[in-house]
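For reference, the structure discussed in these notes is given below.
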Amino acid sequence: MFYKVVALVLIGVWVGGRTLCAVISGEDVAYVARLARLRLTEDEQAQMTRDLSSVLGYVEHMDELSLEDVQPTARVVDLVNELRPDEVKPGLTKDQALANAPEVADGGFAVPAAGS
Amino acid sequence: MSDATQYEPVIGLEIHIQLATNTKMFCGCRLEFGAEPNTLTCPVCLGHPGTLPVPNEQAVKFAIATGLALGCSIAPRSMFHRKNYFYPDLPKGYQISQFDIPICANGELSGVRIHRAHMEEDAAKNIHVGESGRIHGAGRTVVDYNRGGTPLVEIVTEPDIHSGAQAREWLQLLRATIKRLGVSDVNMEEGSLRCDANISIRPVGQKELGVKSELKNMNSFRFIERGIDAEIARQTALLNAGEKVEQETLHFDPSSGSLTSLRSKEEAHDYRYFPEPDLVPVAPSSELIDEIRASLPELPLQKAERYENDLGISAETSKFLAFNAEMGAYFEAVLAAAGDGADNKRIGDWVVGELVARIGADADPAESKVEPAAMARLVSLVGEKAVTNAGAKTVLDKLVESGGDPDAIVEAEGLAAMGDSDELAGIVDAALEANPKAVEDMKSGNMKAIGAVIGFVMKQTQGRADGGEVTKIVREKLGL
Amino acid sequence: MSQDLLKLSAAQAVSAIQAGDVSASELYDFYRRRASADEFNSYLSVDSDSTIAPAGGELAGVPIAIKDLFCMEGVETRAASKILNGYVPPYDSTVVAKLRAAGASFIGKTNMDEFAMGSSNENSAFGAVRNPWDPTRVPGGSSGGSAAAVAAGTAPWATGTDTGGSIRQPAALCGLVGLKPTYGAVSRFGMIAFASSLDQAGPITRDVADAALMLKHIHGKDASDSTSIGLPEDVVAPSAENLNGLKFGIPAPLDWGGVQTVVKAVFDASCKRIEAAGGEIVELPLPHADYALSAYYIIAPAEASANLARMDGVRFGQRADVSGGLTEMYETTRGEGFGPEVKRRIMLGTYALSSGYYDAYYGQAQKVRTKIVEDFKAAYETCDFIITPTSPSVAFGLGEKTDDPLQMYLSDYFTVPISLAGVPAISLPAGLATSDGSAVAEPGTEGALPVGLQIAAPHFAENKLLDAAHVFERETDFADGPWTWGS
Ligand SMILES: [Mg+2]
Ligand SMILES: [Zn+2]
């Protein structure tokens, strides 16, 4: 049913109903934000919990399909062995490489030391 | 748990090998160790927005050659994945590696099974600056992306190793094998071969593995052996004290012999591997695999067999020569200089026994002052009895010290063997006269007593006499 | 003269320059002035690369607007994100390099949804783009700036990129032609990645002939993009006279409950026009298309979460001012640098790939993609093209859907299955709706809004697709765009 879901979801009440079903906790959101190195304010985290619940609730209907024996498709192009010869190509000078860097020290890209 | 519990160490190794290609894994930047920081980069290996990786064909061939040399099967269709974590030495925020289908799997090298060998890209180099200059110190980290994107093969063994010494010997074989393939410089000091060890212990007879710790980045064979032994000792002490081994990552400090726990790069190891959508599968044809197989050189294991079977060298010496890349190359050079009909076994014994004793097992003899031709000549002088064993050892001392020509040294130091000369017969007469007790003993059947006579002769001749020749003359004179 | 210049399509402008009726620099100055005075926030920068191409090339120096997702050497490129403030690429994207080599000039970088994430162009860090047909409405997204620029006549044509509909949907909402080529037809090198397995560059133009002309110059296998293939044959100017013998499939059974009535009315009229031109309308099953949006909203964010990890404040772009350590630098830079929708997708994608959830979300979505690819393959055994409306509704009001991400995602409902299948599709003007969206409007009606038709073809059948679109375009009585209204 190609368009059934459009029909259903454009009725907001139904979306609201689905939103309540999905379970992703604030803790989950905090863990994922940490993995993704994203600082979220408290408000953002609360909003994110609601938004992710809504979308994850929606996509759950993929579970209706039993696809155990189906091979996953990572890309649709049917290519193999796209390789390049081992030949040197001109790159960037040091100045060009560092030109976009927010902070430079000792001829390199400087960042706050890890762990402090 | 009683003190009497016997533990069996179980060790698996993970070895990263930098491939000796001209360019990086996914871009055309030149590879060079020790270049000025950030002079070997391009938008691709700096992870600029919009850039895409394109794999290096030579790196793929080198990876296949490595797999074949380790007896692996080559995947007909292998894939790249993204391994996601944040660290400044990782410009894209993920490392392109292989995950569920590595290019090489299920091999074996000298009794240690190879779980897999896969392709990936190296990280860049973080230079930690600041007050303490250490990872945990305050201050800044400065990143040099020259190394970032160097093609790597990561070899993962099954846990088939049971001691530090075995790990060391096996790694030496692996290194010699890779070096012989010519796919890497395998230089531990420059980081083109790096080794981590997973170590656990279990009561002898138990099947399940104990909790393992991971020993990171040990940069010499000696430290690998010592680090593993130290960790085995630490775990054994823990269990004997009724405590538990924690799963952790450790660093071995060779100067103090101590192990310290490292903070992990990402506190939660959730790498979120998924298939790299920017790359298509690598599917080597069977023709290509056959071609690479056919071009493999004689590998150290085969070489050891040949030394033992064809040259008559002892199994242990053969292995030592074949598994130690530099020693083996030097030995081959001496064989070549000695030419046909040389006493290859004697050459092996002199290289492994005498030269190694003088320069050390980890040294590269090619960098010593003893030219292969000089070594060949010295061994041939011994064979011709032109110089005695003792005399030859003195010559070798001189060679190691300042190089030169063995004949000239023999001449200059007056070390020419006396051989079957009247002079030697006279000295033997004097020796018998001076050792009446020994003569009595020999006559009554105790040939061990000849030691005193030989000692006298050697002293008189300053080692130029041949022990065998002296024995022969003594037997003649005493009618034994 | 000005109005005459404005009326020239890109292909016509090429001819005019080649005939000596107008000079390349005259045309360039004309558009630069118009772009500088743009009222719809279509541009992030104008004239940053002021070299006018010498008139010798096939594109004769005709100017083009470039979506800010394409890297241009020496020109600040930000993908409409604060986190890339100050980023000046040291290299050209392949699309830009090819257009440059073909003799195009560049007017400026167009606004877009941040990192191409959005369907309304309200997610730009530099302000929403307004629809030139009605400035209180969105132009669609994510290539909204490109669509608005072409619709308003501040550029004769523009590049766009399409991951789940980002060329087709704004083209539909702005009354333009938008072509998403077969995945792999155009190199992605230098196009800032959103979802690598779906992203494709393509033209946003006033007519089908211009779309063909741009595609001709941007497609091709690229040694810098392992996933590029190019097109098997040269792209030719469309010339078909009718649709005789061609079958157009409508996915069935259709449920029009969620689609605006006027969109259905225009679609029905489009089907009649196709039949009148000799085409045959058939019904066909696409059993898994129903699941495409779900698969898409897992796959695209998952890939995006990794693609955007390089935006870390280390080598380029904007870094937050922090006194703390590395982790704080990362978290604050990214927390401050990304807008809410980008954060949402990074979170969604990171979650879908994280330990324990991979199989249920990402793995399942990749399997759904397999089924969708199979569905399309089967469908094209019984028809030449698949047709749907491009968007379930006409351009909606600014701010109307910003509070509900899921509602916004549903704008992509018709375009996403095609993206997952990797086949080419074009959106082209099919009719007009009255300003309240209640009825079909005649050309020239005050406040009328455009409605688009989407035609999808099999992999690499771009020439065939352009030919069919060209016939449909000729049969359709559609007002020119806002560019003809003003000056
Ligand atoms: Mg690794
Ligand atoms: Zn590079």
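Here, P(r) means the percent of Cα pairs in each 10 Å bin from 0 to the largest distance; for chain C it is 4, 22, 33, 27, 11, 2, 0.
Each residue of the stretch B:49-194 gets 144 Å³ once the volume of the Cα convex hull is shared out per residue. Only Cα pairs under 8 Å and 6+ residues apart enter the sum, and on that basis the relative contact order of the stretch B:112-259 stands at 18 percent.
Pair-distance distribution of the stretch B:422-478: all C-alpha pairs, bin width 5 Å, starting at 0; shares per bin in whole percent are 4, 23, 38, 24, 10, 2.
Projecting label points 7 angstrom from Cα along Cα→Cβ for C:Glu475 and C:Glu241 puts them 1.5 nm apart. For the pair A:Leu79 and C:Glu442, a Förster radius of 45 Å applied to the C-beta separation gives a FRET efficiency near 0.40, rounded to the nearest 0.05.
Take the alpha carbon gyration tensor of the stretch C:226-340, find the square roots of its eigenvalues, order them as a ≥ b ≥ c, and report rounded if a/c is under 1.5; if not, report prolate when a/b exceeds b/c, else oblate. Note, shape of the stretch C:226-340 comes out prolate. Averaged over the residues of peptide C:333-340, the number of Cβ atoms from other protein chains lying within 10 Å of each residue's Cβ is 3. The amide H of B:Val280, built 1.01 Å from its N in the peptide plane, has A:Glu82 as neighbours under 5 Å, considering only residues 5 or more places off or on other chains. Taking each DSSP H run with n ≥ 4 as -39500 (n - 2.57) and averaging over every residue of chain C yields -10000 deg cm²/dmol at 222 nm. To the nearest whole percent, what portion of all C-alpha pairs in the stretch B:300-413 is separated by more than 24 angstrom? When every Cα pair of the stretch B:300-413 is considered, 18 percent fall beyond 24 Å. Take the Cβ-Cβ distance between B:Val211 and B:Lys385 as r, set R0 to 60 Å, and report the resulting FRET efficiency rounded to the nearest 0.05. According to the calculation, E is roughly 0.45. Size of the stretch B:173-310: Rg and Dmax of its alpha carbons, in Å, are 20.3, 58. The peptide list A:77-84, C:358-365, B:275-282, C:445-452, put in order of mean Cβ contacts within 10 Å with the highest first, becomes B:275-282, C:445-452, C:358-365, A:77-84.
Sort the stretch B:323-480 into rounded, prolate or oblate with this rule: let a ≥ b ≥ c be the square roots of the eigenvalues of the Cα gyration tensor; rounded if a/c is under 1.5, and if a/c is not under 1.5, prolate when a/b is larger than b/c, oblate otherwise.
Values: a/c = 2.58, a/b = 2.26, b/c = 1.14.
Taking the square roots of the gyration eigenvalues as a ≥ b ≥ c, the stretch B:323-480 is prolate.
Return one number: the angle in degrees, 0 to 90 and rounded to the nearest 10, between the long axis of the Cα atoms of helix B:164-181 and the longest principal axis of the Cα atoms of chain B. Computed tilt is about 80 degrees. Interface residues of the stretch A:54-74, defined as those losing at least 30 Å² of solvent-accessible heavy-atom surface relative to the isolated chain (probe radius 1.4 Å), are listed as A:Val55, A:Leu56, A:Tyr58, A:Val59, A:His61, A:Met62, A:Leu65, A:Leu67, A:Val70, A:Pro72, A:Thr73, A:Ala74. Taken over chain B, the ratio of Cα radius of gyration to 2.2 N^0.38 Å equals 1.25. Nonpolar atom fraction for chain C, defined as the carbon and sulfur part of the 1.4 Å probe accessible area, stands at 48 percent. Projection of the Cα convex hull of the stretch C:225-288, averaged over all directions and equal to a quarter of that hull's surface, yields 7.6 nm². In angstrom, the C-alpha Rg and Dmax of the stretch C:1-50 are 11.8, 34.
Let a ≥ b ≥ c be the square roots of the eigenvalues of the Cα gyration tensor of the stretch C:1-102; is it rounded (a/c under 1.5), or, if not, prolate (a/b larger than b/c) or oblate? Since a/c reaches 1.5 but b/c is at least a/b, the shape of the stretch C:1-102 is classed as oblate. Computed over protein heavy atoms with a 1.4 Å probe, the accessible surface of the protein assembly as shown works out to 37 Å² per residue. Please tell me which of these pairs span more than 18 angstrom C-alpha to C-alpha: B:Lys437/B:Lys477; B:Lys179/B:Lys319; B:Lys125/B:Lys216; B:Lys24/B:Lys216? Among B:Lys437/B:Lys477; B:Lys179/B:Lys319; B:Lys125/B:Lys216; B:Lys24/B:Lys216, the Cα-Cα distance tops 18 Å for B:Lys24/B:Lys216. Distance between the modelled labels on C:Glu233 and A:Ala105, one decimal in nanometres: 6.2 nm (7 Å Cα→Cβ projection). For the stretch B:341-401, what log10 I(q)/I(0) values come out of the Debye formula at q = 0.16 1/Å, with one point per alpha carbon and no solvent? The computed values of log10 I(q)/I(0) come out as -0.44.
Computed packing ranks the peptides A:66-74, C:140-148, C:380-388 as C:140-148, C:380-388, A:66-74, most packed first, by mean other Cβ atoms within 10 Å.
Summed over both chains, the contact between A and C buries some 6400 Å² of accessible surface at a probe radius of 1.4 Å. Helix B:325-338 axis versus longest C-alpha principal axis of chain B: approximately 40°, rounded to the nearest ten. For C:Glu73, the residues whose amide H sits under 5 Å from its own are C:Tyr91, C:Asp92, C:Ser93, ignoring neighbours fewer than 5 places away on the same chain, with H placed 1.01 Å from N.
Between B:Asp397 and B:Met447, what length in nm is gained on full extension when 0.36 nm per residue of separation is reduced by their alpha carbon distance? Write out the running numbers ahead of the final one.
On the way: separation 50, 0.36 × 50 = 18.00 nm, distance 3.18 nm.
My answer for the length gained is 14.8 nm.
By how many nm would the segment from A:Val23 to A:Glu87 grow when fully extended, if each residue of separation counts as 0.36 nm and the alpha-carbon distance is taken off? Intermediate values should be presented prior to the final figure.
Values: separation 64, 0.36 × 64 = 23.04 nm, distance 5.19 nm.
Gain in length upon complete extension: 17.8 nm.
In terms of Cα atoms, the Rg and Dmax of the protein assembly as shown work out to 37.5, 137 Å. Under Stokes-Einstein, with the Kirkwood radius over Cα pairs as Rh, the value for the stretch B:28-101 at 10 °C and 1.306 mPa s is 108 µm²/s.
Calculate, for A:Val70 and B:Leu296, the FRET efficiency according to 1/(1 + (r/R0)^6) with r their C-beta to C-beta distance and R0 30 Å; round to the nearest 0.05. Each step should come with its number before you reach the end.
Numbers: r = 40 Å, r/R0 = 1.33.
Calculated value: 0.15.
Over the stretch B:68-166, what is the relative contact order in percent, taking alpha-carbon pairs closer than 8 angstrom and at least six residues apart? That works out to 25 percent.
Partners of B:Lys472 within straight-line reach, counting aspartates and glutamates whose Cα lies under 14 Å from its Cα and excluding those fewer than 8 residues away in the same chain: B:Asp420, B:Asp422, B:Asp429. Of interest is the spacing of the C-alpha centroids, which for the stretch C:375-400 and the stretch C:126-188 amounts to 16 Å. Length gained on full extension, B:Ala408 to B:Ser421, computed as 0.36 nm times the residue gap minus the Cα-Cα distance: 2.5 nm.
Could you look at the stretch B:210-312 and say what percent of its accessible area is carbon and sulfur, using a 1.4 Å probe and all protein chains?
On the way: 2550 of 5300 Å².
Using a 1.4 Å probe with all protein chains present, the stretch B:210-312 comes out at 48 percent carbon and sulfur.
Rounded to two decimals, what ratio of Rg to Rh does the stretch B:229-349 give with C-alpha atoms and a Kirkwood Rh? My calculation puts Rg/Rh at 1.20. Binning the alpha carbon pair distances of the stretch C:155-271 at 5 angstrom intervals from zero yields the distribution 2, 10, 16, 19, 19, 16, 10, 6, 1, 0, expressed in whole percent. B:Asn435's amide H: which non-local residues (gap 5+, or another chain) put their own amide H closer than 5 Å, with H modeled 1.01 Å from N in plane and none for Pro or chain starts? Long-range HN contacts for B:Asn435: none found. Would you kindly give the portion of the calculated P(r) for the stretch B:112-226 that falls above 23 Å, as a percent of all Cα pairs? The proportion of pairs with Cα distances above 23 Å equals 43 percent.
The values are calculated or read from the model by the stated rules, or taken from the named source; none is laboratory data. All values reported here derive from a predicted model rather than from experimental measurement. Note that each Cβ is placed from the backbone with ideal geometry, even for glycine, and that neighbours are counted across all protein chains shown. Accessible surface is based on the protein model in full, side chains and every heavy atom, while ligands, DNA and RNA are left aside. Shrake-Rupley method; radii C 1.70, N 1.55, O 1.52, S 1.80 Å.
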